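Engineer: Okay, handing you the structure first.
The values are calculated or read from the model by the stated rules, or taken from the named source; none is laboratory data. Here the structure is a predicted model, which means the values were calculated and not measured. Methodologically, a virtual Cβ is constructed for each residue, glycine included, from the backbone with ideal geometry; neighbour enumeration extends over all protein chains shown.
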């Protein structure tokens with residue numbers, strides 16, 4: 001996942017305004033209590049941050065792969 005895809009997935013799931021709030025304020029336990037923005041700035045894997053954000057925000061698993069993107073093969 002590229003950073004631009006992460007940003008688009010956040011905007012698709014939460015809306016552009018609330019998406020900025022979620023990535024900047026929601027603490028991700030999986031990343032030592034950092035927010036998504038802090039984890040990305042620290043160089044963490046973008047897809048890992050996206051999946052942690054989905055889990056923390058109770059996004060249904062069916063929407064973890066972004067709007068309009070095919071789900072990966074199992």
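Engineer: In segment 7-21, what residues are without any contact (Cβ under 8 Å) to a residue 24 or more places away in the chain and at negative phi?
Structural biologist: Taking segment 7-21 as the starting set, the residues that turn out to be without any contact (Cβ under 8 Å) to a residue 24 or more places away in the chain are 7, 11, 15-21.
Matches in segment 7-21: 7, 11, 16, 17, 18, 19, 20, 21.
Engineer: Another one. Does residue 51 meet the test of being more than 16 Å from residue 18 (Cα to Cα), in contact with a helix residue (DSSP H, G or I) (Cβ under 8 Å, 6 or more places away or on another chain), at pLDDT 90 or above and part of a helix (DSSP H, G or I)? Let's see the steps before the verdict.
Structural biologist: Details: more than 16 Å from residue 18 (Cα to Cα): yes; in contact with a helix residue (DSSP H, G or I) (Cβ under 8 Å, 6 or more places away or on another chain): no; at pLDDT 90 or above: yes; part of a helix (DSSP H, G or I): yes.
So residue 51 does not fit the description; no.
Engineer: It is to be established whether one or more residues within segment 22-44 are at pLDDT below 95, assigned to a loop (DSSP other than H, G, I, E, B) and either within 10 Å of the chain's Cα centre (by Cα) or at positive phi (or both).
Structural biologist: Yes, segment 22-44 has at least one match.
Engineer: Can you give me the number of residues within segment 9-21 that are assigned to a helix (DSSP H, G or I) and within 18 Å of residue 60 (Cβ to Cβ)?
Structural biologist: Residues meeting the conditions: 8.
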